[in-house]
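Some notes on the structure that comes next.
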Amino acid sequence: MTRIIVVGGGAGGLELATKLGRTLGRKGRAQVTLVDRKASHLWKPLLHEVATGSMDAGVDALSYRAHAKNHHFDFQMGSLKEIDRENKVIKLAELHDEHNELLMPERNLDYDILVMAIGSTSNDFNTPGVKDNCIFLDSPEQAHRFRTEMNNHFLKLHANKELKTVDIAIVGAGATGVELSAELHNAVAELRTYGFGDLDSSRLNVNLIEAGERILPALPPRISSAAHSELTKLGVNVRTMTMVTKADSTGLTTKDGEHIPAHIMVWAAGIKAPDFMKDIAGLETNRINQLVVKPTLQTTRDDDIYAIGDLASCVQEDGSFVPPRAQAAHQMASRCFSNIVAKITNREQKPYIYSDHGSLVSLSRFSTVGSLMGNLTKGSMMVEGRIARIVYISLYRMHLVALHGVFKTGLMMLVGRINRVLRPNLKLH
């Protein structure tokens, strides 16, 4: 029986393990194992909503162990320590609890096919003080930390009339930075209805800082401009062409020597693969530690190891690289699944071709802007408002369908509607 290990339970890794389990695992054609250092999965594009309390991770997170049981694969909790390509073994590090007590010793897992899907982390570009003073919004734990600090500062503001504003600085005006900026204003509006009647947008000072000449640089200029306009209307101070050179406990310092005071600082200015991936097991990596892959998503130096999602450096026919987006991870998971099945059955593997279906950015309940790509539009079509919001939400629904199927996703949508009546609009505890 073929032993397949998927390391990383993000959007791509979990979808792939689910698909492999449903088809190969259920029929006994392969032993499928998912490895992740966390016990549960949360769709990464929603972390800004967890950070502001608009989403309750305790309700929406998915248990890997329960999901594995339902979809015919095994789950192993642990962190990858090393890959032994010669003996086809991965080593998982010791697992400790919060009191540093040993939960599980080092373990070795044998594989025939290994898929690396551990995603990315924030890239601070070695900017002094950032690691110690900024929140990196790339995990549920960081999102919880942000929400705790935000709520604490709002409490201080509510109790101390001498305090004028809560100052929040967000570095990086990609999708995460832009969506978080808007969601903060939604959080303030909601808090007013929960006993914070003296709070309003004028007491929230959000600086969105971007080193480039416009926000959302990966999107067409007209969408960037529409989002810029919406954020300005909300009261967000959008600062482009502003490079941060230092962070300390009081705020950020720019290249021009200006000091931007901040109670809470978020760094969302770029991504890289985790540092331990650099040249792991002699595999080819690039300058941001991504694994370099062939068009079939196999690593360049080992055909039995695949990489998908943000971890994969995949070049397209036109010379461009596949962008680190959830839709790319979703597509890579599907292609990797087909190629693994082809490999097992000695058929030809096909190249992965990125299909850009457009990009949408949610400005909380205020607006949604973006572009849709497709044959119908013969290029790109700019969308905003209610239609864009429906499409934005449908991207998450597609992820849920890939994990649970249509019927169960429908039930989850129904429960979500009921919870909107039963639960507060913000997570307040």
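Taken together, the values in this text are just the output of simple stated rules run on the coordinates, not laboratory data. Please read all numbers here as calculations on a predicted model, not as lab measurements. Neighbour counts are summed over all protein chains in view; Cβ atoms, including those assigned to glycine, are modelled from backbone coordinates with ideal geometry.
With axes computed from alpha carbons, what is the tilt in degrees of helix 221-234 against the longest principal axis of the chain, rounded to the nearest 10 within 0 to 90?
40 degrees
Quick check: the angle from helix 175-191's long axis to the longest principal axis of the chain, C-alpha only, nearest 10 degrees?
Computed tilt is about 50 degrees.
Kindly state, to the nearest 0.05, the FRET efficiency for Tyr396 paired with Glu162, given R0 = 51 Å and r defined as their beta-carbon distance.
0.75
Debye sum, Cα scatterers, region 112-179, no solvent: what log₁₀ I/I(0) at q = 0.13, 0.21, 0.28 1/Å?
Reported log10 I(q)/I(0), two decimals: -0.54, -1.05, -1.33.
Which ordering of Val115, Val361 is given by a fewest-first count of other beta-carbon atoms within 10 Å?
Details: Val115 30, Val361 26.
By the 10 Å Cβ count, ascending: Val361, Val115.
For labels at Ala281 and Arg301 in the simple 7 Å Cα→Cβ model, what's the distance in nm?
1.1 nm
Tell me the angle of helix 406-422 to the major Cα principal axis of the chain, expressed in degrees between 0 and 90 and rounded to the nearest ten.
20 degrees
Beyond a 18 Å Cα-Cα separation, which of these cross-linked pairs lie in this structure: Lys19/Lys278; Lys81/Lys278; Lys91/Lys294; Lys69/Lys408; Lys131/Lys246; Lys19/Lys69? Write down the numbers at each step before the final one.
Details: Lys19/Lys278 29 Å; Lys81/Lys278 12 Å; Lys91/Lys294 25 Å; Lys69/Lys408 16 Å; Lys131/Lys246 10 Å; Lys19/Lys69 13 Å.
Those over the limit are Lys19/Lys278; Lys91/Lys294.
Where does each of 33-42, 216-225 land if you order them by average Cβ count within 10 Å, highest first?
33-42, 216-225
Taking 0.36 nm per residue of sequence separation and subtracting the Cα-Cα distance, how much length would be gained by fully extending the chain between Arg214 and Ala93, in nm to one decimal?
39.3 nm
If you average the alpha carbon positions of region 1-55 and of region 233-262, how far apart do those two centres end up, in angstrom?
Their Cα centres are 37 Å away from one another.
If we count every other residue with Cβ under 14 angstrom of Lys156's Cβ, Lys/Arg +1 and Asp/Glu -1, where does the sum land?
Taking every Cβ under 14 Å from that of Lys156, the sum is -1.
If I model a spin label at Ser320 and Glu258 as a point 7 Å from the Cα along the Cα→Cβ vector, what separation in nanometres do I get?
Each label point lies 7 Å from its Cα, and together they span 3.2 nm.
Tell me, Trp43, Trp267 in order of fewest to most beta-carbon neighbours within 10 Å?
The order, fewest Cβ neighbours first, is Trp43, Trp267.
Just to confirm a number: summing +1 for Lys and Arg and -1 for Asp and Glu over residues other than Thr176 whose beta-carbon lies under 14 angstrom from that of Thr176, what do you get?
Surrounding charge for Thr176 is -4.
Obtain the nm distance between the two label points defined at Met1 and Arg145 by a simple spin-label model: each point lies 7 Å from its Cα along the Cα-to-C-beta direction.
Computed distance between label sites Met1 and Arg145 equals 4.0 nm.
Could you work out how much longer the chain between Glu101 and Asp200 gets when fully extended? Use 0.36 nm per residue separation minus the Cα distance between them, nm to one decimal.
Extra length from Glu101 to Asp200 when fully extended: 31.1 nm.
Counting pairs of alpha carbon atoms under 8 Å apart in space and at least six apart in sequence, what relative contact order in percent does the chain give?
Values: 843 pairs, mean separation 69.2, N = 429.
With pairs under 8 Å counted, the relative contact order is 16 percent.
At 222 nm, what helix-only mean residue ellipticity would the chain give, in deg cm²/dmol to the nearest 500, using -39500 (n - 2.57) for each DSSP H run of four or more?
On the way: 11 runs with 137 residues, N = 429.
About -10000 deg cm²/dmol.
What does the charge add up to near Ile344, with Lys and Arg as +1, Asp and Glu as -1, over the other residues with Cβ less than 14 Å from its Cβ?
For residues surrounding Ile344, the net value is +2.
How much length is gained on full extension from Thr23 to Met412, taking 0.36 nm per residue of separation minus their Cα-Cα distance?
137.7 nm
Only four residue types carry charge here, +1 at the Cβ of Lys and Arg and -1 at the Cβ of Asp and Glu. Report the dipole size of the chain about the Cα centre in Debye, rounded to the nearest 20. Mind dumping the intermediate values first?
On the way: 50 positive and 46 negative charges, 309 e Å.
Computed charge dipole of the chain: roughly 1480 debye.
Tell me, Glu230, Glu82 in order of fewest to most beta-carbon neighbours within 10 Å?
With the fewest neighbours first, Glu230, Glu82 line up as Glu82, Glu230.
Given contacts defined as C-alpha pairs under 8 Å and at least six residues apart, what's the relative contact order of region 60-161, whole-number percent?
Working: 77 pairs, mean separation 12.4, N = 102.
Result for region 60-161 is 12 percent.
Given a Förster distance of 35 Å, report the FRET efficiency between Asn237 and Ala66 from their Cβ-Cβ distance, rounded to the nearest 0.05.
E(calc), rounded to 0.05, equals 0.20.
Which of the three applies to region 183-251, rounded, prolate or oblate, going by the alpha-carbon gyration tensor with a ≥ b ≥ c and a/c under 1.5 meaning rounded?
oblate
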